[in-house]
Amino acid sequence: ILSWLSQDDDAHWFTHFIQHLLKGDMPAFESGLKEVMLKISSHHDLARDPECFYHGIVLGLTAHLLDHPNYILSSNHESAFGRYDYLILSRDPSQPCILFEFKKIKKPTTSTQKHNHLQLLLSKAASEALEQIDSNQYMTTAFTHGAIKVLQVGIAFCGKELALASKVSTKTDVSKSATLK
């Protein structure tokens with residue numbers, strides 16, 4: 001990743017890519033992530049544990065935020081009723097925290113299940129990732145640390161292809177939901 005990003009044009013692109021994520025512009029972030037997957041990943045990288053590979057890609061792409069005074073990065077920590085995949089915790093309550101859940105799906109085996117069907121499966125899995133975040137209340141850690149908004153991001157991968165689903169939750173939304181139960 002570093003060698004790819006060392007070129008001036010790519011460094012400029014990368015800065016915008018990260019800004020899209022931090023500002024919550026998920027269509028632009030998704031487009032950039034698809035570009036990353038096409039340019040730097042190999043099918044050989046995906047052989048053993050693909051979900052860990054995808055998780056590692058996103059960790060690697062955001063690792064420079066470790067030096068940023070406004071963010072804390074946390075991977076695979078328990079929160080409420082489970083363990084989230086990755087959290088970018090903003091120390092600035094006016095900025096959203098970003099909570100990721102990654103899913104992998106198997107490539108459809110029949111030739112009738114072409115690209116469109118794969119995209120439907122990926123979209124469904126990304127939405128299921130958001131449901132997992134909600135049902136296990138993974139946002140609890142962010143809200144405990146003073147967050148007001150959490151951008152939930154579910155990403156489903158299959159080979160070099162992916163789909164992303166996202167939504168914003170507020171502490172008020174979660175409190176209302178808990179009261180209704």
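The values are calculated or read from the model by the stated rules, or taken from the named source; none is laboratory data. Nothing here was measured: the structure is a model prediction, and the numbers come from that model. No Cβ is skipped: glycine too gets one built from the backbone with ideal geometry, and neighbour counts run over all protein chains shown. These area figures cover heavy atoms from the full protein model, side chains too; ligands, DNA and RNA do not enter into them. Shrake-Rupley method; radii C 1.70, N 1.55, O 1.52, S 1.80 Å.
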State which residue pairs qualify: first residue open to solvent by 20 Å² or more (accessible area, probe 1.4 Å) and inside segment 52-68, second residue outside any helix (DSSP H, G or I) and of a type in the set (A, V, I, L, M) in any location, beta carbons under 6 Å apart, and separation of 6 or more residues or different chains. 60/1; 66/73
Out of (1) modelled with pLDDT of 90 or more; (2) over 20 Å from residue 165 (Cβ atoms); (3) buried (at least 17 other Cβ atoms within 10 Å of the Cβ), the one residue 14 does not meet is (1)
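Per-residue answers, yes or no, for (1) within 26 Å of residue 15 (Cα to Cα); (2) out of contact with any Asp or Glu (no Cβ under 6 Å at 6 or more places or on another chain); (3) assigned to a strand (DSSP E or B):
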{"site": "88", "(1), (2), (3)": "yes, yes, yes"}
{"site": "93", "(1), (2), (3)": "yes, yes, no"}
{"site": "100", "(1), (2), (3)": "yes, no, yes"}
{"site": "109", "(1), (2), (3)": "no, yes, no"}
{"site": "116", "(1), (2), (3)": "no, yes, no"}
{"site": "122", "(1), (2), (3)": "no, yes, no"}
{"site": "143", "(1), (2), (3)": "no, yes, no"}
{"site": "155", "(1), (2), (3)": "yes, yes, yes"}
{"site": "162", "(1), (2), (3)": "yes, yes, yes"}
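Say whether the condition of being under 18 Å from residue 145 (Cα atoms) and either in contact with a strand residue (DSSP E or B) (Cβ under 8 Å, 6 or more places away or on another chain) or open to solvent by 20 Å² or more (accessible area, probe 1.4 Å) (or both) is met by at least one residue in segment 100-110. Spell out the reasoning first.
Taking segment 100-110 as the starting set, the residues that turn out to be under 18 Å from residue 145 (Cα atoms) are 100.
So of that shortlist, the ones also either in contact with a strand residue (DSSP E or B) (Cβ under 8 Å, 6 or more places away or on another chain) or open to solvent by 20 Å² or more (accessible area, probe 1.4 Å) (or both) come out as 100.
Looking through segment 100-110, at least one residue is under 18 Å from residue 145 (Cα atoms) and either in contact with a strand residue (DSSP E or B) (Cβ under 8 Å, 6 or more places away or on another chain) or open to solvent by 20 Å² or more (accessible area, probe 1.4 Å) (or both).
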Is it true that some residue in segment 90-112 is free of Cβ contacts under 8 Å to residues at least 40 places away in the same chain and under 21 Å from residue 31 (Cβ atoms)? no
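Counting just the residues of segment 150-181 that are open to solvent by 60 Å² or more (accessible area, probe 1.4 Å) and modelled with pLDDT of 75 or more, which one comes out nearest to the chain's Cα centre (by Cα)? Quick ask: steps written out before the conclusion?
Residues of segment 150-181 that are open to solvent by 60 Å² or more (accessible area, probe 1.4 Å), as a first pass: 167-168, 171-173, 175-176, 178-181.
Narrowing further to those that are modelled with pLDDT of 75 or more: 167-168, 171-172.
Numbers: 167: 11, 168: 13, 171: 20, 172: 23 Å.
Looking at residues that are open to solvent by 60 Å² or more (accessible area, probe 1.4 Å) and modelled with pLDDT of 75 or more, I get 167.
Filter segment 69-86 for residues that are part of a loop (DSSP other than H, G, I, E, B) and buried (at least 18 other Cβ atoms within 10 Å of the Cβ) and give the result.
Step one: of segment 69-86, the residues part of a loop (DSSP other than H, G, I, E, B) are 69-70, 76-77, 80-81, 84-85.
Correct list: 84, 85.
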